[in-house]
Amino acid sequence: MTTLPVSPSADLPYHPFDARGDDKPREECGIFGATGVKDAANFVALGLHALQHRGQEAGGIVSFAPGVGFSSVRRFGYVRDNFTSPEVMKQLPGQIACGHVRYSTAGSKGAAIRDVQPLFAEFSMGGCAIAHNGNLTNAEALRAELIDRGSIFQSSSDTECIIHLMARSIQRSIPERMKDALRRVEGAFSVIAMTRTKLIGVRDPRGVRPLMLGKIEGGGWCLASETCAFDIIGAEFVREVQPGEMVIATADGIESSFPFESRAKKFCVFEYVYFSRPDSVIGGHSVYETRRRIGVELAKEAPVEADLVCPVPDSGTPAAIGYSQQSGIPYAMGIIRNSYMGRTFIEPTAEIRNMGVRLKLNVNRALIKGKRVILVDDSVVRGTTSRKIKEMILDAGAKEVHFRIASPPTQWPCFYGVDTPEREKLLAAQMSVEQMRAHLGVTSLAFVSLDGLYRACGEKTRAAEPQFCDACFSGDYPIEPSDVVEAGRIQLKADA
């Protein structure tokens, strides 16, 4: 396996004004694989570019070509900065490749290139690269067990547990070893893996994280976290990989099997609220249209007299459009995003960091002055950004500021592949809605209800057995986060 060294200038793509305080859950990871096409790594790079919103910390691509073997490039930073150079892409030859964009949710945060996926291992029957979106809730226990039995770990990623479990399997093929390994893990996983001839996609039995199957013109196949990644390469969206399904793409077509015990489906509802790109389709539903309907539900549940409905760019835009359409209050771009924010020579002092929101967003003063403004955002986590945006609106002369949030209050951390703060740092876990309103300093504050969210997602109401994973809102974890419970790092709702 060939691995290119990290560029000495490569670093994490955090703007010094951000102060790591974006006040949003970080978007797990994005995965993409392609087979049966010339220069498959180029297709993967384009697909990862479309999935960049799911991880901006680092990315990697592994390919295979006869006579060359497996090749790998793993880098910190954006896809556009690392996988557009002809010199780099020439190092990734072959008709099969897979890739990963990362925001770390397990292991250390951006500490070492060895944590960047896809991870690779050489087994007796050949090599295998694995890219994983999700989080294994029993990874710490598995790691301790494997180390006791002689395994030597090279990374802090929970994904490496899968590789060591595969190495210990007695099965005679990589797909069968993967089935063995994944039956031992708990939590959420959508996995894309590749051998010399096979592109493999696997989704956990509850289907917490998404995984899509596409067909490339000319007979190739691709797998991706979201359908928007197919659009950029002109691939046809075939279908979703089903919860608990393994698909194997080869020159002969697609093989499908269901190797895991059937479980109730628990797709992450926050994919509809925030994580997925609005031009993606999930579960047969347009993400954009679902977010617009959330705004409609918000307007029904929490009406208020105002002059303008303004989104907090960009994730609040579809919900703001829905709120405006339902309420009849004009929609307006009261906040403008700076699309060309890049790096700066200014040193990131504490004082400068506090200007981060103003660098990214600017208020349309001529529109806002003297108006009663409804600000629509997708979520409130710590509340730090919301307070700064409110101050900007009031500084611009707004008469009133009403916050409407297109998700229920985020009260519990996620353990299934989303980087959320500890519960003590979640604003809604420590305050009532009225206390949050006073803390944020806004005229009024309202969140969409859980039932309203479910209606926007095409359900009549939230059932006694929820149709989605909504643990971040409800505290009802469909898979017990055994590692953190055993370590005493959280008290579950049922035990509280």
Out of 290, 126, 254, whose Cα points farthest toward the positive end of the dipole of the chain (charges: +1 Lys, Arg; -1 Asp, Glu; placed on Cβ)? 290
Using per-residue counts of other Cβ atoms within 10 Å, averaged over each peptide, order 122-130, 442-450 from highest down. 442-450, 122-130
Checked region 185-291 with the C-alpha gyration tensor, a ≥ b ≥ c its square-rooted eigenvalues, rounded below a/c of 1.5, otherwise prolate if a/b is larger than b/c and oblate if not; verdict oblate
About the Cα centre, charge dipole magnitude for the chain (Lys/Arg +1, Asp/Glu -1 at Cβ), debye: 640 debye
Where nothing but the Cβ of Lys and Arg (+1) and of Asp and Glu (-1) is charged, how large is the charge dipole of region 217-316 around its Cα centre, in debye to the nearest 20? 320 debye
For the ranges 234-241, 430-437, what's the packing order if you count other beta-carbon atoms within 10 Å of each residue, average per peptide, and put the highest first? 234-241, 430-437
Could you work out [θ]222 nm for the chain from helices alone, using -39500 (n - 2.57) per DSSP H run of at least four and dividing by all its residues? Round to the nearest 500 deg cm²/dmol. -7000 deg cm²/dmol
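Tell me whether region 131-196 comes out rounded, prolate or oblate; compute the Cα gyration tensor, take square roots of the eigenvalues as a ≥ b ≥ c, and use a/c under 1.5 as the rounded threshold.
Judged from the Cα gyration tensor, region 131-196 comes out oblate (a/c at least 1.5, b/c at or above a/b).
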I'd like to check one number: the per residue accessible area of region 380-439, probe 1.4 Å, reported in Å² as a whole number. 39 Å²
How many percent of the accessible area of the chain is carbon or sulfur, using a 1.4 Å probe? 50 percent
Mind sorting out which of (1) 70, 52, 48; (2) 64, 59, 42; (3) 70, 50, 43 is the real Cα extents along the principal axes in Å computed from the coordinates? (3)
Does region 92-176 come out rounded, prolate or oblate, given a ≥ b ≥ c as the square roots of the eigenvalues of its C-alpha gyration tensor, rounded meaning a/c under 1.5 and, failing that, prolate meaning a/b above b/c? oblate
Compare the Cα positions of 322, 45, 427 along the charge dipole of the chain (+1 at Cβ of Lys, Arg; -1 at Cβ of Asp, Glu; about the Cα centre) and return the one farthest towards the positive end. 322
Per residue value of the accessible surface for region 152-263 (all protein chains in place, 1.4 Å probe), Å²: 38 Å²
On a straight-distance basis, which lysines could pair with residue 369 in a cross-link, Cα separation under 30 angstrom, same-chain partners fewer than 8 positions away excluded? 24, 300, 360, 388, 390, 399
So how far apart, in nm, are the two label points at residue 424 and residue 464 if each is 7 Å from Cα heading toward Cβ? 3.7 nm
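The values are calculated or read from the model by the stated rules, or taken from the named source; none is laboratory data. As the structure is a prediction and not an experimental result, all values here were calculated from the model. Neighbour counts are summed over all protein chains in view; Cβ atoms, including those assigned to glycine, are modelled from backbone coordinates with ideal geometry. The area values use the complete protein model at the heavy-atom level, side chains included, leaving out ligands, DNA and RNA. Shrake-Rupley method; radii C 1.70, N 1.55, O 1.52, S 1.80 Å.
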